[in-house]
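For reference, the structure is listed below as structure tokens.
The values are calculated or read from the model by the stated rules, or taken from the named source; none is laboratory data. As the structure is a prediction and not an experimental result, all values here were calculated from the model. Virtual Cβ from ideal backbone geometry, glycine too; neighbours counted across all protein chains shown. When the accessible area is computed, the model is the full protein with side chains, heavy atoms only, and any ligands, DNA or RNA have been set aside. Shrake-Rupley method; radii C 1.70, N 1.55, O 1.52, S 1.80 Å.
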2 protein chains.
Amino acid sequence: MYRTHNNGQLRAADINKEVTLSGWVQKTRDKGFMMWVDLRDRYGITQLIFDEERSSKELMEKASQLGREFVIKVKGTVIERQSKNPNMPTGDVEILVSELTILNESKTPPFTIEDETDGGEDLRMKYRYLDIRRNPVRENLIFRHKVAIAVRNYLSEKGFVEVETPYLIKSTPEGARDFVVPSRMNEGQFYALPQSPQTFKQLLMVGGMDKYFQIVKCFRDEDLRADRQPEFTQIDCEMAFVDQEEILNAFEGLTRHLLKEINGVEVSDFPRMTYDEAMAKYGNDKPDIRFGMEFGELNEVAQHKDFGVFNQAELVVGIAVPGGNGFTRKEIDKIIDWVKRPQVGALGMVYSRCNDDGTYKSSVDKFFDQDDLAKWAEATGAKPGDLVCVLSGDKNKVRTQLSALRMHLAEELNLRDPKVFAPLWVIDFPLLEWDEETERYYAMHHPFTAPKPGQLELLATNPGDVKANAYDLVLNGNEIGGGSIRIHDRETQAKMFDYLGFTPEEAKEQFGFLMDAFQYGAPPHGGLAFGLDRLVAILGGQETIRDFIAFPKNNSGRDVMIDAPAPIDAKQLEELHLNVVTKS
Amino acid sequence: MYRTHNNGQLRAADINKEVTLSGWVQKTRDKGFMMWVDLRDRYGITQLIFDEERSSKELMEKASQLGREFVIKVKGTVIERQSKNPNMPTGDVEILVSELTILNESKTPPFTIEDETDGGEDLRMKYRYLDIRRNPVRENLIFRHKVAIAVRNYLSEKGFVEVETPYLIKSTPEGARDFVVPSRMNEGQFYALPQSPQTFKQLLMVGGMDKYFQIVKCFRDEDLRADRQPEFTQIDCEMAFVDQEEILNAFEGLTRHLLKEINGVEVSDFPRMTYDEAMAKYGNDKPDIRFGMEFGELNEVAQHKDFGVFNQAELVVGIAVPGGNGFTRKEIDKIIDWVKRPQVGALGMVYSRCNDDGTYKSSVDKFFDQDDLAKWAEATGAKPGDLVCVLSGDKNKVRTQLSALRMHLAEELNLRDPKVFAPLWVIDFPLLEWDEETERYYAMHHPFTAPKPGQLELLATNPGDVKANAYDLVLNGNEIGGGSIRIHDRETQAKMFDYLGFTPEEAKEQFGFLMDAFQYGAPPHGGLAFGLDRLVAILGGQETIRDFIAFPKNNSGRDVMIDAPAPIDAKQLEELHLNVVTKS
């Protein structure tokens, strides 16, 4: 028996009890005649005491050998602490140790096991098992567990059934790159790891499962951007015999439940906004609506003068920075430099100070008078004391730039309060998305998304205008989920594949099973998937998903702790009928 | 809005309500002037009625076009049914349809969507989405969900934290064959899919997580035996600062909870038996103890006469078949033929009939007298009316043969009642297992299992005698879980690897991260993993795990529905730095 209590458990009421505790040595304080040890486990810290008068010489000596992170077991008596520590749940008591067993020694850890550690990211990842001993990391993982179990119980109570779909499936070239798994028993053939259980959940709807969910790992072999993982977790959901409204309500319910259960927050409003509106108002399909600075389009009030930059622009658009008139010239120059960085890519920025007396002072006073600037203020909602920042150029680009600036300024001005939760449905997404590089349209969500009723015909003439019953759930400027109403008849699906450049043979080879299934009474259906990693991070008031993953991979897709990937045996390769081709 | 109610919901109390229902046409009965349709969904069946007098001509005509598995939506009024059906929850009512929409048509399905179908296994797997529409299959999947959520909530309430461990890890040659995943970004390197999260859960214990669980997919690239799947699901658990007793109690608690919550069964007894005892009494490390027929060893009472077969045997062992004296000579010959089949491999069988009058009649009366046979009866616990069956030969082989016979007879005599649950802990497993083929010892559980205290030294001299704190949980003759106390110090782990034939370099390359972790204060720990697929099947009173998996693979590891594995693009192979080697 290693323990009668854990290290977060003992209170004044336990005084005089004989107890056994086990855990890690957090720190020791050795005064020679007296010695204290902080004993730590997942549940807390309990102070142990050894002293010359009451402890044997052998015990004192053994105790003096203890180092940081040693694993020990002690027996002793709970006694009242002389100087109580009100900041610790166990701060009223300490253990007068009568017996000490060293269960395992420890080398000095490569970084301190404290809330604030001296270890850098790389070191902490290599020794992730030590990093997990730190309170913030461990608490994040426990938090993740709580969110997952709350999701499961909520959906289960609402009649959703968690069904495990297979991990060894078939590779399909549409979308991101698959990870593949060579088959030993089928020479030259491969399984693929799922990018999502999309087709399987649709087949479950065809199979009459009615309401499905699954918390499931998904895989994408992409060149990793910051804070992306090759394996990630989704809350994957699908419902049959529903329209978009019912899906939105179902998952609005889940989100409300989580915010209440996990964060103790009641969200009053769950607004909806079309994709077009989000792009026009925020330049972004996942706007953070915790703060204002909505876009004001200025074409009408800024293209009538002799200012060529504006006159040649497709779009002139501004935001009002609250209190921004307080910025010094230097600070404004810094903002201008910021938008001109290659990552943002603006060519410059025009601004107009809104003085407290109602007058304006702009960087383009040569061209625009007080009346013009008053109209800019009106269009952007600027009040005296604000600063209007204006960008211009190609519509799509300038929106993206101004969106970046808006988010940047919100960070600077501390407008992104992690304790405030502002969810938002962005709806009516376009069905297709133009890709500059390959000069063709791709499915914006995936090729199974249904166009809005009656819009299928537009594909031939105005493909970019076709809208879908596709929606994203946005929380505090992050997309936490997305989904759509799916195609459920074979003919429409065939048309979609055709439009996306699949030959009928390719469509059949890759998705024949789904097209077949649609012939046997497929019900109308739709669904959505949440990104659990991000959802958990945001509910936890943070934005780095890596902090909520037990054993994350680095930006090169490596697990630096176990050192994977790694070469495999020649025999293994041979069994898989494979040769590695070395670059010459 | 596709429905106001589902098809299992309406009752007499709903009569006169206007409702909208959607679902599949289960069957139609068309009398020309009147027509009934059984409308089905996950929740049940509701009868629709159309009749000449109350329905329009167009509606009648549309209804007459309906075929099996069409997906329809109807509006109508709930009315009282003329001939009520007490076997259906909705049997008191029917819907007088006023509006019918065909949402999707259906080709005639390749097999009937009924509890008992005319579709063979292969056909049902190819059209699994139709198979899932059948009640028994769908109910199995819902049952699985219920078990999984009960497991999660129980463990969570007991302080276990579900932590997701990675799927893209490193290949290790020890144990079964890994599935591997080529890395595009690291030429010539591979990830492996986990056979279990074993090392990660141990690292979580080193990391102070204290109590961990995870319901997780695992992967083994084995030549598939019947009812094995290349991907399968485990309930994986680990605890720190525990001895074997506490682990057994914890998971006895979980099992009791499941039996009560899921099956409504209170299990009074949870016996324990050593591995040696199980082998001696049942010839099997996962005995079904729902019935008797325990082994009686007969060496002392059968090797004193002139019967060479017994005298040369390492072990003579028998079982008493209850009521077996009732077997005809022909029936007994059939049993003898059965044990002589190559799959069992006995050379013959001796038997002794226990007559009701207390006399015996054996197949070896030439050699053994009534006193001898009375001792056989005593040793096997045979009563008048029973039949003693005796096998002899090499100890291990004969035990396996007699165990097979015992199970065979139990099936024949209907002693394996699926409604009775008899759990059993088999403990004190050997640490190592001899492999005839490679003529060496392998770790019986895995190389992380700790030998019993003080037995490590035996490795050098009597490796086969070393016992481990390793245990299996057996339910009705199936191993549903297994685990052990783990090694937690570097030195012992190094010795184990050395003993198992790893060079220090190999041990470091493959498990260096674990050996390192053991140097930084690893706590004592142990755990266990349940096979969820099998557990669910047994709780469901069945033994075929495939029936509880939504999309299982066949015995060649193929998904015949999606037709995976499959060849991949040349471009994909090139990106992965791979060539397929075709057999010449």
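Say R0 is 45 Å: what FRET efficiency, to the nearest 0.05, do B:Glu574 and A:Gln303 get from their beta-carbon distance? The pair B:Glu574/A:Gln303 has a calculated efficiency of 0.30.
Over chain B, dividing the summed -39,500 (n - 2.57) contributions of all DSSP H runs of at least 4 residues by the number of residues returns a 222 nm mean residue ellipticity of -8500 deg cm²/dmol. Take A:Lys375: with every protein chain present and a 1.4 Å probe, its accessible area is about 100 Å². For chain A, the gyration tensor built on C-alpha atoms gives an oblate shape. Its axis ratio a/c (a ≥ b ≥ c) is at least 1.5, and a/b is not larger than b/c.
What order do B:Arg134, B:Arg256 take when sorted by accessible area (1.4 Å probe), most exposed first?
Values: B:Arg134 20, B:Arg256 80 Å².
Listed by decreasing accessible area, they come as B:Arg256, B:Arg134.
Please state the shape class of the protein assembly as shown: rounded when a/c is under 1.5, otherwise prolate if a/b exceeds b/c and oblate if not, all from the C-alpha gyration tensor. It is oblate, given that a/c is not under 1.5 and a/b is not larger than b/c. Quick check: net charge around B:Lys73, other residues with Cβ under 9 Å of its Cβ, Lys/Arg +1 and Asp/Glu -1? Net of charged neighbours comes to +1.
Closest approach of any chain B Cβ to the axis that rotates B onto A belongs to B:Asn579, 2, distance given in whole Å.
Each part reduced to its alpha carbon centroid, segment A:349-378 and segment B:321-380 end up 108 Å apart.
Largest to smallest in accessible area, the residues A:Asp386, B:Asp357 fall in the order B:Asp357, A:Asp386 (1.4 Å probe, all protein chains included).
Largest first, the residues A:Ser268, A:Ser403 sort by 1.4 Å accessible area into A:Ser268, A:Ser403.
Take every DSSP beta bridge whose two residues both sit in the protein assembly as shown, then give the antiparallel share in percent to the nearest 5. If you can, show how the numbers build up before the last one.
Details: 187 of 201 bridges.
Of the beta bridges lying entirely in the protein assembly as shown, close to 95 percent run antiparallel.
If R0 is taken as 51 Å, the Cβ-Cβ distance between A:Leu458 and A:Lys158 corresponds to a FRET efficiency of 0.90.
Two decimals, Cα atoms only, Kirkwood Rh: what is Rg/Rh over segment A:385-503?
My calculation of the ratio gives 1.08.
Relative contact order for segment A:81-225: 16 percent, from Cα pairs under 8 Å spaced at least 6 residues apart, divided by residue count. Separation of segment A:223-242 from segment A:123-171 is 13 Å, based on Cα centroids. The residues of the protein assembly as shown expose, per residue, 42 Å² of accessible area to a 1.4 Å probe. Each Cα pair under 8 Å and six or more residues apart adds its separation to the average, and for chain B the resulting relative contact order is 13 percent.
With Cβ to Cβ distances under 12 Å as the rule, what net charge do the other residues near B:Met88 carry (K, R +1; D, E -1)? Please report the intermediate quantities before stating the final value.
Values: positive: B:Arg11, B:Arg40, B:Arg81, B:Lys84; negative: B:Asp38, B:Asp92, B:Glu94.
Net charge around B:Met88: +1.
Per-residue mean of foreign Cβ neighbours for B:515-527 is 6 (Cβ atoms of other chains, 10 Å radius).
How large, in percent, is the carbon and sulfur part of the accessible surface of the protein assembly as shown at a probe radius of 1.4 Å?
Here carbon and sulfur together make up 46 percent of the probe-accessible area.
Put the Cα centre of segment B:536-577 next to the Cα centre of segment B:56-76 and the gap is 38 Å.
GluC sites (Glu not before Pro), restricted to segment A:234-296: which are DSSP loop and have at most 14 other Cβ atoms within 10 Å?
Numbers: sites: A:Glu238, A:Glu245, A:Glu246, A:Glu252, A:Glu261, A:Glu266, A:Glu277, A:Glu294; in loops: A:Glu266, A:Glu294.
Hits after loop and neighbour filter: A:Glu266.
Rank-order B:151-159, A:285-293 by packing density, defined as the average count of other C-beta atoms within 10 Å over each peptide's residues, highest first. Walk me through the intermediate numbers first.
Working: B:151-159: 18.0, A:285-293: 20.0.
Most protected by this proxy first, the peptides run A:285-293, B:151-159.
Buried accessible area between A and B (1.4 Å probe, both chains summed, ligands and nucleic acids excluded), in Å² to the nearest 100? The summed interface area works out to 11100 Å². Per-residue SASA remark: B:Trp434, around 120 Å² accessible (1.4 Å probe; ligands, DNA and RNA not included). Sequence-distant contacts, meaning Cα pairs under 8 Å at least 6 residues apart, place the relative contact order of segment B:291-412 at 37 percent. Accessible area per residue was computed with a 1.4 Å probe on protein heavy atoms; A:Met34 scores about 50 Å². Using only side-chain charges placed at the Cβ, +1 for Lys and Arg and -1 for Asp and Glu, the dipole size of the protein assembly as shown relative to its Cα centre rounds to 960 debye.
Of all beta bridges DSSP finds with both residues in chain B, what is the antiparallel percent, to the nearest 5? Looking only at bridges with both residues in chain B, the antiparallel portion is about 95 percent. Label zone (B:Asp394, point 7 Å along Cα-to-C-beta; backbone nitrogen cut-off 18 Å) within segment B:425-445: B:433-442.
Spin-label model, B:Gln343 to A:Glu509: label points 7 Å out along the Cα-to-beta-carbon direction sit 4.1 nm apart. Were the residues from A:Lys260 through A:Arg29 laid out at 0.36 nm apart, the gain over their Cα-Cα distance would be 78.9 nm.
Under the combined filter of DSSP loop state and at most 14 neighbouring Cβ atoms within 10 Å, segment A:1-102 retains these GluC sites (Glu not before Pro): A:Glu52, A:Glu53.
The alpha-carbon of A:Lys553 sits under 15 angstrom from the alpha-carbons of these aspartates and glutamates, leaving out residues fewer than 8 places away in its chain: A:Glu121, A:Asp122, A:Asp131, A:Asp221, A:Glu222, A:Asp223, A:Asp227, A:Glu231, A:Asp533, A:Asp563, B:Glu164.
In a shell of Cβ-Cβ distance under 13 Å around B:Val317, excluding B:Val317 itself, what net charge do Lys and Arg (+1) and Asp and Glu (-1) give? Please list the in-between numbers first.
Details: positive: B:Lys281, B:Lys395, B:Lys397, B:Arg399, B:Arg406; negative: B:Glu294, B:Glu297, B:Glu300, B:Glu314, B:Asp394.
Charge balance in the 13 Å sphere: 0.
Could you tell me which of rounded, prolate or oblate describes segment B:1-104, using a ≥ b ≥ c as the square roots of the eigenvalues of the alpha-carbon gyration tensor, with rounded for a/c under 1.5 and, failing that, prolate when a/b is larger than b/c and oblate otherwise? The partial results should precede the final answer.
Values: a/c = 1.41, a/b = 1.20, b/c = 1.18.
Rounded shape, in that the Cα axes give a/c under 1.5.
Sequence-ordered 3J(HN,Hα) estimates for segment B:64-75 from the Karplus curve with 6.51, -1.76 and 1.60 and θ = phi - 60° stand at 6, 7, 5, x, 4, 6, 4, 9, 10, 10, 10, 10 Hz, glycine and proline given as x. Residues whose amide H falls under 5 Å from that of A:Ala192, counting only those 5 or more places apart or on a different chain, are A:Ile169, A:Lys170, A:Ser171, A:Val181, with hydrogens built in the peptide plane.
Which GluC sites (Glu not before Pro) does segment A:408-471 hold that lie in a coil by DSSP with at most 14 other beta carbons within 10 Å?
Passing sites in segment A:408-471 are A:Glu436, A:Glu437, A:Glu439, A:Glu457.
Remark on A:Leu103: its backbone amide H falls under 5 Å from those of A:Val71, A:Ile72, A:Lys73, a criterion applied only to residues 5 or more positions apart or on other chains, H modelled at 1.01 Å from N.
Of A:Lys62/B:Lys495; A:Lys217/B:Lys508; A:Lys201/A:Lys260; A:Lys146/B:Lys211, which pairs sit farther than 22 Å apart, going by alpha carbon to alpha carbon?
A:Lys62/B:Lys495; A:Lys217/B:Lys508; A:Lys201/A:Lys260
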